[in-house]
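Notes for the one structure printed next.
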Amino acid sequence: MAPTSSRQHYGSHRRWNPLVHFVLSPLLLVNVGVAFTLWRRAPTVLAAWGVATAVLLLLLNVAARQQALTVQNRVIRLEMWWRLARVLPPDLAARVHELRLGQLVGLRFASDAELPALVRRCLAGELPTSDAVKRAVRDWQPDTLRA
């Protein structure tokens, strides 16, 4: 299917959370720079504490994002195991646990009709990464409920 601007496709599927990616993260990074600059100008214990606090806030942001993505990946894995068990022929369904997480992440964008062929290619080593699987998908199924 040809990509259109109104429908999600390989080129538009990456999820940007404007609050996190364009406001919170940049401000926290600038905060580290400001705190470090203030400490360099006046190296006091309080200024050093400001640097430590700024770095900790930045790390907290990164950790929170990572935890959300970890939970999302676990849900995707379970959802795909269930979906594949329902859609695949028995010989392939018995092998879904051989698929790597990245392959499962890519497969979630495929239609039910093209899943068997894509899973065979994954298991044969032709599609080793999430990106390779996504590029092989022809009938893109959007996923808009992501963290």
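Just so it is clear, none of the values below were taken in a lab; they were calculated from the coordinates. Note that the coordinates shown come from a computational prediction; the quantities given were computed from them, not determined experimentally. A quick note on method: Cβ atoms are made from the backbone with ideal geometry, for glycine too, and the neighbour counts reach across all protein chains shown.
Here are the numbers for this structure:
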read-out	value
The chain, relative contact order [Cα under 8 Å, separation at least 6], %	26
Relative contact order (%) - criterion: Cα under 8 Å, at least six apart; region: region 18-75	33
Environment charge of ASP91, counting only residues whose C-beta is closer than 13 Å and scoring Lys/Arg +1, Asp/Glu -1	+1
Distance between modelled label sites at ARG7 and PHE36, nm, 7 Å Cα→Cβ extension	4.6
Structure-based [θ]222 nm, the chain - -39500 (n - 2.57) summed over DSSP H runs of at least 4, per residue, nearest 500	-19000 deg cm²/dmol
Label assignment, P(r) over Cα pairs in 5 Å bins from 0, in percent derived from the structure, set (i) 2, 9, 15, 15, 13, 11, 9, 7, 7, 6, 4, 3, 1, 0; (ii) 2, 10, 21, 25, 22, 13, 6, 2, 0, 0; (iii) 2, 9, 18, 20, 17, 15, 11, 6, 2, 0, 0	(i)
Magnitude of the charge dipole, region 37-147, Cβ model with Lys/Arg +1 and Asp/Glu -1, debye to 20	360
Sequence-separation-based contact order of region 88-139, relative, with Cα cut under 8 Å and 6+ spacing, percent	44
